[in-house]
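What follows is a short report on a single structure.
The values are calculated or read from the model by the stated rules, or taken from the named source; none is laboratory data. The structure displayed is predicted, hence computed values, not measured ones. Cβ: placed from backbone, ideal geometry, glycine included. Neighbour counts: every protein chain shown.
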Amino acid sequence: MGKSFLRSQALFSAIALPMFVLTSQAAIAEECRVQLHNNSSFKIREVRMSHVGKDSWGENLVDDIKDKTVWQGQSVNLEFEDNENQCEYDMKIVDEQKNHDEHRINICNGSDFEITDN
């Protein structure tokens, strides 16, 4: 009976531990908000975020906005999920001509960012 009980406990631990880790990681993820001010002469069609040093970009945050465009002079609130609790991100801006620019931002120092022609 002792061996059977230990085997049951080991099986429970093997199942419960990964479930705890998955639950803990989901609890760490938080929603980040950035207010983007388009004070440029172009329309913004894409805004994508990436952790600094990563080669891949997140989803297009402009897809959630009416007309899927940030118009000249418009300010919008963008939301994305952060599951690494970092302050610094790379932000990729793509205009209507598919030109793009990348900016390093720190969301811990504020969440308002202005895009200009300069």
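Name the residue that is farthest from the chain's Cα centre (by Cα), counting only residues in the stretch 58-69 that are in a helix (DSSP H, G or I) and surrounded by 16 or more Cβ atoms within 10 Å (Cβ to Cβ).
First pass over the stretch 58-69, keeping only residues in a helix (DSSP H, G or I): 61-64, 66-68.
Filter once more, keeping what is surrounded by 16 or more Cβ atoms within 10 Å (Cβ to Cβ): 61-62.
Working: LEU61: 9, VAL62: 13 Å.
Per the stated criteria, the residue is VAL62.
Mind telling me which of the residues ARG45, ARG33 ends up being under 18 Å from the mean Cα position of the chain (by Cα), modelled with pLDDT of 95 or more and not aromatic (Phe, Trp, Tyr)? Walk me through it before giving the result.
Details: ARG33 fails: modelled with pLDDT of 95 or more.
It is ARG45.
Condition first: under 12 Å from ASN38 (Cβ atoms) and buried (at least 17 other Cβ atoms within 10 Å of the Cβ). Now tell me which residues in the stretch 70-91 satisfy that. Explain how you work it out, then say what you get.
Initial filter on the stretch 70-91 (under 12 Å from ASN38 (Cβ atoms)): 70-76, 78.
Answer for the stretch 70-91, where residues must be under 12 Å from ASN38 (Cβ atoms) and buried (at least 17 other Cβ atoms within 10 Å of the Cβ): VAL70, VAL76, LEU78.
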**ASP55 vs. criteria outside any strand (DSSP E or B), on the phi > 0 side of the Ramachandran plot and surrounded by fewer than 18 Cβ atoms within 10 Å (Cβ to Cβ)** = no
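Any idea which of VAL94, VAL34 is touching a Leu at 6+ places or on another chain (Cβ under 7 Å) and surrounded by 13 or more Cβ atoms within 10 Å (Cβ to Cβ)?
Numbers: VAL94 fails: touching a Leu at 6+ places or on another chain (Cβ under 7 Å).
Residue meeting the stated conditions: VAL34.
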